[in-house]
Amino acid sequence: MSELPELDEVREALEVQQTAASRRYRDATGTRRTVEERQAEGTRFPDSAEHVAARAGRLIDRGGVPASALVDGVRSTALTEAAANERIINIANESQPWSFLPRGARAAATVARISVRTEGREQPHGTGFMVSPRLLMTNQHVLLDEAFSRRCFVEFNVQNTVDNTPDAAVRFALDPAAFFVMDKHLDFALVAVAPAADGRHPGEVFGWNRLSIQQGKVLLGERVNVIGHPGGRFKEVAFRDNTVQDRLPEFLHYTTDTERGNSGSPVFNDQWEVVALHHSGVAREDAQGNRLLKNGGIARPGDPDDAIDYIANEGARVSSILKHLATLQPEPEQRALLAEMGPESGLEQGPAVAAPVSAPVPGPISAPIPPPVAAPSPLPAAGSPHEAAGPAGTAVIRSGLPARGTPAVGGRHLVFLHGRSQHEHEPEELRRGWTAGLNHGLTRAGLPTVDPADVWFPFYADRIIEAIRRRESDGSREAVSASGPFEELNGHSAAEAFAAESTTGLYEQLLLQAAAKAGMPQDGGTTDESIGSALAGRLRRAVSWLAATTDMDALAIATRFRDVDAYLDDRAVRDAVLTSVLDTLPPSGEIVLVTHSLGTVVGMDLVHRLPERLEVSLLVSTGSPLGMDTVYSRLQPPGPNLSARVRRWINAWCPTDTVALGCPLGETWGKLTDMAVENAHGRAHSIEEYLAHAEVAAEIGHGISRT
């Protein structure tokens, strides 16, 4: 019996898993030998052609291969499709772009140490990682059951900083009453984590990993990386010198050298996608199946873990865990929590849930950053909750929100003008989200906060989505259908479909100019047709380049410019949008106009149409595409041409924001103040991120207070 008897059951559960892992490893000996023989013959990735093709396709779609290396690596020689796929995977494994390191740091932020309270002590005994804003994944043998998990807690930032000094750990309690699911065979547990005192969920602070049920995440022979807390120590990384040995239907075997305490760690590929849940080492055995120590002796119960001669490790495949979760029949509240794991998990069922936070937000836990209220919806689905039927089955076009009474602060009206893809959100929800972001920045700047009810919020999203659906009904949807069903489009096929919708070719021009401003070489030409359609076309090259060089994935990039195209490409849409905005402005006085994304384009047209009784004392643009001549040349009147009605202009931009690649704007537009800011990873285009910066919020705060 140990001095901590409560942990004996955990130790026994681990030994059961180790025995099962060793049995599976023995049973796979024949397959593993075949893999080793093929590698000895020179086959670097001895996997099936189907798996190799799926892996190559995923690397291209997710920007896992630098765009320039991708083009150079496949166009020098005419290749068969199979050879091209292998070349792509070789490129991805031979070198990594600079973003490999910060993306790894982002992934590491999601990993936490799990400890248990026992006999007045706190004992670290495992690792877990966030897979949604509120759900943490670890091993079943780490948490055992719901009762045991109530005595556990998790700590993030248990690590050394870049200065090699201890970081400030942040503790969260587990909340198994809200959600707890486990499976002994796959050795996983999924548990809710209670929010912090300020109401934020851990995934909103440290980010979370989007699990995918799709194939193509890793091949036999590819490297994997494990991040965890071995022996309860500070966070460590088993980094790249580890390869996948074999792939069973439910488990992976790999050579990563890990220690006890790493139980529950995420196993990542080189693109920092989770491919498996680490759960057990596989020890060397004698002829009788006894586990051996490093000194050659037979291991006995209670022997130190670091004395055992481990030769491999085993992890439960993410796809097998997700398939198991898909078979469950949870209550509606728990179903909503599962749906927050994202669309690639295959668990999105029933009504839409709150949009997930996609990346870690720097800063102490006591400084709240509001969760996002809007995330891009790549392809609007008919019959959404906000598309109530009107007369003759038409969709209801919602109006914006006026402010209450006279301006509450300083006598100037504050107006927010939203960006793209807001049709799935209610105007009041958006107004609160914008105001929360601004208030965070105002608090940091030491200025008074703003009540959402005092903000004017024009709403034009329904006009844009109406135009897109009209295009589809006019026949252009056939181009989308040719690329696959809406819900199955990836970044490349979406770009091709949206380009086909564009009546003047503007969508293609927008995407190509954005890629050019991101540094994509313009002399690349096209690849050989024999490598297949996955590499063909300028649109695909542009999407791949942007995904590799900015903080957005391929599908998000492809959809970013769709609404901009719909607005600039259709005079009727533009007029309808501007009319709806003008209908939700104060009757007279001075306004501080804060715009975002497509809203910066609408706003630039708007200031030329304002009634005489309104003046813009301050224009604030964030995440703006106004630096692209394909955008400003189509304004009315054409730009760059700032209205004399605007007294002062502030432009905030983030270098990793794909939409703002034409920034800074000063050289093009002349007299304005450009502010470069650093938004959180995965939220480069978020309006809440932009407004939460003290320097941006201070300009708005002083603007509305006449100081």
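The values are calculated or read from the model by the stated rules, or taken from the named source; none is laboratory data. Worth saying up front: this structure is predicted, and the values here are computed from it rather than measured. Cβ placement follows ideal geometry from the backbone for every residue including glycine, while neighbour counts extend to all protein chains displayed.
At a glance:
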{"item": "Single residue of Ala105, Ala112 found to be surrounded by 16 or more Cβ atoms within 10 Å (Cβ to Cβ) and either part of a helix (DSSP H, G or I) or at pLDDT 80 or above (or both)", "result": "Ala112"}
{"item": "In region 656-707, residue modelled with the lowest pLDDT [restricted to those that are part of a helix (DSSP H, G or I) and over 20 Å from Val415 (Cα atoms)]", "result": "Thr658"}
{"item": "Residue in region 554-569 that is assigned to a loop (DSSP other than H, G, I, E, B) and assigned by TED's automatic domain parsing to the domain that holds Ala694 present", "result": "no"}
{"item": "Residue within region 149-168 that is part of a helix (DSSP H, G or I), in contact (Cβ under 8 Å) with a residue 40 or more places away in the chain and over 22 Å from Val237 (Cα atoms) present", "result": "yes"}
{"item": "Elements of type strands (runs of 3 or more DSSP E) in region 208-258, at least 2 residues being free of Cβ contacts under 8 Å to residues at least 40 places away in the same chain", "result": "236-238"}
{"item": "Filtered residues of region 631-655 (kept if part of a strand (DSSP E or B) and small (Gly, Ala, Ser))", "result": "Ala652"}
{"item": "Residue that is farthest from Ala192 (Cα to Cα) [pool: residues in region 321-350 that are in contact with a Pro (Cβ under 7 Å, 6 or more places away or on another chain) and modelled with pLDDT of 90 or more]", "result": "Glu340"}
{"item": "Residue list for region 23-34, restricted to those being in contact (Cβ under 8 Å) with a residue 60 or more places away in the chain and more than 14 Å from Leu252 (Cα to Cα)", "result": "none"}
{"item": "Filtered residue count, region 326-340, keeping only those that are part of a helix (DSSP H, G or I) and surrounded by fewer than 20 Cβ atoms within 10 Å (Cβ to Cβ)", "result": "6"}
{"item": "Residue check for Ala287: aliphatic (A, V, I, L, M), over 19 Å from Thr110 (Cα atoms) and in contact with a Phe, Trp or Tyr (Cβ under 6 Å, 6 or more places away or on another chain)", "result": "no"}
{"item": "Residue within region 572-580 that is at pLDDT below 95 and outside any helix (DSSP H, G or I) present", "result": "no"}
{"item": "Residues (touching a Pro at 6+ places or on another chain (Cβ under 7 Å) and of a type outside the set (D, E, K, R)) located in region 206-236", "result": "Phe206, Gly207, Trp208, Asn209, Leu220, Gly221, Ile227, His229, Gly232"}
{"item": "Hey, Ala354 closer than 17 Å to Met130 by Cα, of a type in the set (A, V, I, L, M, F, W, C) and either in contact with a His (Cβ under 6 Å, 6 or more places away or on another chain) or modelled with pLDDT of 85 or more (or both) or not", "result": "no"}
{"item": "Test: Asp198 is within 28 Å of Arg23 (Cβ to Cβ) and either touching a strand residue (DSSP E or B) at 6+ places or on another chain (Cβ under 8 Å) or touching a residue at least 60 places away in the same chain (Cβ under 8 Å) (or both)", "result": "no"}
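Residue-by-condition table, conditions (1) surrounded by fewer than 21 Cβ atoms within 10 Å (Cβ to Cβ); (2) outside the structural domain of Gln17 (by TED's automatic domain parsing); (3) in a loop (DSSP other than H, G, I, E, B):
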residue	(1), (2), (3)
Leu277	no, no, no
Ser280	no, no, no
Ala287	yes, no, yes
Arg300	yes, no, yes
Asn313	no, no, no
His324	yes, yes, no
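Residue-by-condition table, conditions (1) among the polar types (S, T, N, Q); (2) at pLDDT 55 or above:
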residue	(1), (2)
Ser384	yes, no
Val409	no, no
His413	no, yes
Trp434	no, yes
His440	no, yes
Phe457	no, yes
